[in-house]
Amino acid sequence: MGIYNPKSLKAEEFINDDEIRQTIAYAEANKHNIELINKIIEKARPKKTEKGCTCQGLSHREASVLLACDIPEMTKKIYEAAEEIKLSFYGNRIVIFAPLYLSNYCVNGCVYCPYHLKNKRIPRRKLTQEEVKAEVIALQDMGHKRLAIESGEDPVNNPIEYILDCIKTIYSVHHKNGDIRRVNVNIAATTVENYRKLKEAGIGTYILFQETYHKQSYERLHPTGPKHNYAYHTEAMDRAMDGGIDDVGLGVLFGLELYKYEFAGLIMHAEHLEAVHGVGPHTISVPRIKRADDIDPSAFDNGIDDETFAKIVACIRLAVPYTGMIISTRESEEMRSRLLRLGISQVSGGSRTSVGGYTEEKRPHDTEQFDVSDQRSLDEVVCWLMENGHIPSFCTACYREGRTGDRFMALCKNGQILNCCHPNALMTLSEYLEDYASEKTKKVGYSIINKELKRIPTDKVREIAVKNILDIKKSNRRDFRF
Ligand code: SAM
């Protein structure tokens, strides 16, 4: 089983079962220790520095105490601190993306996923490069600039060469004023060599959900196929980073195991990346299990209610302050609205979770990976975000300017977000408004842009942003960025 060591490269030592159990016991013993809880919340809150502000985050033990605490006034304080951190580092910007399902061929036996090998009901589909192109045109016509590609694991049908071809095709499509500027990749754990190939193909974040950190449950839930190997899966981010990928995205599929166990494991994983590679996860996703083709979520008895889910999101925000947090259309409009204030910084919009879903006239359900709760169009999501005081951002500048890994974190820590991310968000929003928005969204959008331009602190930066937005309005010039 091994001894807990965040610097170890062995899964069972950096995600150590004993340490997680002791953490849960420590959290339970201290869940009403108001003095300690106040101290932990205070530690997590942003502190002003000469350059901007900084946050030190929380250890998995500290964060677990907050998660265990069930005193309403304390929960209120946790939520306030989460919102404060969110606004300090991410402001009111929300990054927009869409998933693109390439293939649902899969050799694994994941019991919660309809793509599992034994599912003979689901039609198997794999996009050809022509079909990828058509899907990308449809996504560009909606206004998307950032995608997360998704695929089952199948070395014969979807080998790494297929994924690389798809990435090449996606970046090559420039339809009207559209382009996809960042491709994040959510594919099964693979080798250092393959991660190096993904890096060379110009991917943004490599995303891999752990599903569950609990080894025995993991093995039971992944009974067959290469994904059965817990250590290989859990150590994947280390291989990705060894392959040169700076930005990695963690996630747990909530509902599979006890959430307190998953939460401690997730924060320990973030601590491990920081300890070994000097940079934590670029993003953390918080999917909850959903109904799907032959999957009934009630068969999994660790489902979490909305209140607990909100608390988990807020506690992650306090523990890992610089990480982007992603919520997908698995969640409803109402839930997404609530979570945006507690630390979420990226949302998907207009999503289809089926292979070929963007080009088929009616939203097809037959190859869907899970039911989509938020069925609104991207235009509706963009407008809704703005009406709720957020700025939808289609910005992809950081990674294209080489600000990945710790260089991105430095931008946050040096308080340069308002001089960099803010104008980038406003310029890319203006592109969206000119090229894709409905009249209503356009009106709401420009009134926000005019107001938000005033918040750019440096005169020179503000002047350039104003000039670029005028250019976007008057011409087909696009893709300005700081
Ligand atoms: N095949 C890749 C792998 O094994 O890691 C990743 C791609 S899979 C399309 C993306 C994620 O969807 C999985 O990691 C899992 O967490 C999630 N997922 C699978 N079934 C789900 C369900 N029924 N409800 C919600 N999310 C699900």
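How do 342-355, 211-224 rank on mean C-beta neighbours within 10 Å, highest first? Could you put the intermediate results ahead of the total?
Working: 342-355: 24.8, 211-224: 18.6.
Ranking, from highest mean packing down: 342-355, 211-224.
What does the convex hull of the Cα atoms of region 1-155 come to per residue, in Å³, rounded to a whole number? Before the final figure, lay out the partial values.
Values: hull volume 35.8 nm³, N = 155.
Taking only Cα atoms, region 1-155 has a hull volume of 231 Å³ per residue.
What does the charge count near Val107 come to, summing +1 for each Lys or Arg and -1 for each Asp or Glu among other residues with Cβ under 15 Å from its Cβ?
Values: positive: Lys118, Lys120, Arg124, Lys126, Lys227; negative: Glu153, Asp154.
Net charge in that neighbourhood comes out at +3.
With N residues in region 437-482, what two-decimal value do you get for its Cα radius of gyration over 2.2 N^0.38 Å? Numbers along the way, then the final one.
Numbers: Rg = 11.4 Å, N = 46, 2.2 N^0.38 = 9.4 Å.
Ratio of Rg to 2.2 N^0.38 Å for region 437-482: 1.21.
Placing +1 at every Lys and Arg Cβ and -1 at every Asp and Glu Cβ, with all other atoms neutral, what dipole size does region 1-43 have around its Cα centre, in debye to the nearest 20? Before the final figure, lay out each step's value.
Numbers: 6 positive and 8 negative charges, 30 e Å.
It works out to roughly 140 debye.
Using the Kirkwood radius over Cα pairs, work out the Stokes-Einstein diffusion coefficient for region 232-343 at 37 °C and 0.692 mPa s, in µm²/s as a whole number. Let's see the in-between values first.
Working: Rh = 14.9 Å.
This corresponds to a translational diffusion coefficient of 220 µm²/s.
Place the peptides 397-409, 116-128, 376-388 in order of packing, highest mean first, counting for every residue the other Cβ atoms within 10 Å and averaging per peptide. Before the final figure, lay out the partial values.
Numbers: 397-409: 17.6, 116-128: 14.9, 376-388: 19.2.
So the order, starting with the most tightly packed, is 376-388, 397-409, 116-128.
Given H placed on each backbone N at 1.01 Å, which residues far from Ser348 in sequence or on other chains put an amide H within less than 5 Å of it?
Amide H neighbours of Ser348: Phe97, Ile327, Thr329.
Nearest 20 debye, what's the magnitude of the dipole of region 344-482 about its Cα centre given +1 on Lys and Arg Cβ and -1 on Asp and Glu Cβ? Write down the numbers at each step before the final one.
On the way: 22 positive and 20 negative charges, 164 e Å.
Charge dipole of region 344-482: 780 debye, to the nearest 20.
What nm distance separates the two modelled labels at Asn388 and Lys47, each placed 7 Å from Cα along Cα→Cβ?
3.3
Using modelled backbone amide H atoms (1.01 Å from N, in-plane), which distant-in-sequence or interchain residues come within less than 5 Å of Ile94's amide H?
Ile391, Ser393
Enumerate the residues in region 240-261 having an amide nitrogen under 20 Å from the point lying 7 Å beyond the Cα of Ser332 toward its Cβ.
So the set is 254-255.
Any chance you could run the full-extension gain for Ile34 through Glu73? It's 0.36 nm times the residue separation minus the Cα-Cα distance, nm to one decimal. Walk me through the intermediate numbers first.
Values: separation 39, 0.36 × 39 = 14.04 nm, distance 1.02 nm.
Extending this stretch completely gives an extra 13.0 nm.
Mind checking the log10 I(q)/I(0) for region 203-289 at q = 0.13, 0.17, 0.19, 0.20 Å⁻¹? Debye, one equal scatterer per Cα, no solvent, two decimals.
Normalising to I(0) and taking log10 leaves -0.39, -0.67, -0.84, -0.93.
Quick one: if the Förster radius is 30 Å, what FRET efficiency do Leu418 and Ser438 give, using the C-beta to C-beta distance and rounding to 0.05?
Working: r = 29 Å, r/R0 = 0.96.
Using R0 = 30 Å, I get an efficiency of 0.55.
Relative contact order for region 342-451: what is it in percent, counting Cα pairs under 8 Å that are at least 6 residues apart?
Reported relative contact order: 25 percent.
Highest first, please rank the peptides 185-197, 314-326, 443-455 by the mean number of other Cβ atoms sitting within 10 Å of their residues.
Working: 185-197: 18.5, 314-326: 25.5, 443-455: 15.5.
Ranked from most to least packed, the peptides come out as 314-326, 185-197, 443-455.
Set the Förster radius R0 to 41 Å, insert the Cβ-Cβ distance between Glu161 and Asp305 as r into 1/(1 + (r/R0)^6), and round the FRET efficiency to 0.05. Could the numbers behind the result be given before it?
Numbers: r = 44 Å, r/R0 = 1.06.
The computed FRET efficiency comes out at 0.40.
With a cut-off of 8 Å between alpha carbons and a minimum separation of six or more residues, what is the relative contact order of the chain in percent?
On the way: 913 pairs, mean separation 91.1, N = 482.
Normalised by residue count, the contact order of the chain is 19 percent.
Spin-label point model (7 Å from Cα, Cβ direction): what's the Leu453 to Asp294 distance in nm?
5.7
Compute, for the chain, the length of the dipole vector about the Cα centre, with Cβ point charges of +1 (Lys, Arg) and -1 (Asp, Glu) only. Units Debye, rounded to 20.
It comes to approximately 1540 debye.
What percent antiparallel are the DSSP beta bridges of the chain, to the nearest 5? Intermediate values should be presented prior to the final figure.
Numbers: 4 of 33 bridges.
For the chain, the DSSP antiparallel bridge percentage is about 10.
For region 52-142, report the convex hull volume of the alpha-carbon atoms normalised per residue, in Å³, without decimals. Don't jump to the answer; show the numbers that get you there.
On the way: hull volume 21.1 nm³, N = 91.
Dividing the Cα hull volume of region 52-142 by its residue count gives 232 Å³.
Under 16 Å from a point placed 7 Å out from the Cα of Tyr232 along the Cα-to-Cβ direction: which residues of region 132-162 have their backbone N that close?
Flagged as within label range: 152-160.
Under the rule a/c < 1.5 gives rounded, and otherwise a/b versus b/c splits prolate from oblate, where does region 17-91 land using the Cα gyration tensor? Present the calculation step by step, with values, prior to reporting the outcome.
On the way: a/c = 2.48, a/b = 1.72, b/c = 1.44.
Prolate, since a/c reaches 1.5 and a/b exceeds b/c.
Largest first and in whole Å, give the semi-axes of region 353-479's equivalent ellipsoid, each being the square root of 5 times a Cα gyration tensor eigenvalue. It would help to have the intermediate numbers written out before the result.
On the way: eigenvalues 177, 78, 38 Å².
Over the Cα atoms of region 353-479, the semi-axes work out to 30, 20, 14 Å.
Among Val107, Cys55, Gly255, pick out the residue whose Cα is farthest towards the positive end of the charge dipole of the chain, where Lys and Arg carry +1 and Asp and Glu carry -1 on C-beta, about the Cα centre.
In the chain, that residue is Cys55.
Given 20 °C and 1.002 mPa s, how large is the Stokes-Einstein diffusion coefficient of region 314-415 in µm²/s, with Rh as the Kirkwood radius over Cα pairs?
Working: Rh = 15.6 Å.
It diffuses with D of about 138 µm²/s by this estimate.
Based on alpha-carbon positions alone, could you give the equivalent ellipsoid semi-axes of the chain from the gyration tensor, as √(5λ), descending, whole Å?
The three semi-axes for the chain are 32, 29, 20 Å.
Once Lys and Arg get +1 and Asp and Glu get -1 on their Cβ, which of Cys166, Ile449, Asn186 lies farthest toward the positive end of the dipole of the chain?
Checking the options against the dipole of the chain, the answer is Ile449.
Read-outs: derived from the displayed coordinates by stated rules, not from any lab. Quick caveat, the model's predicted, so the values are computed rather than measured. Cβ sites come from the backbone with ideal geometry, for glycine too, and all protein chains shown count toward neighbours.
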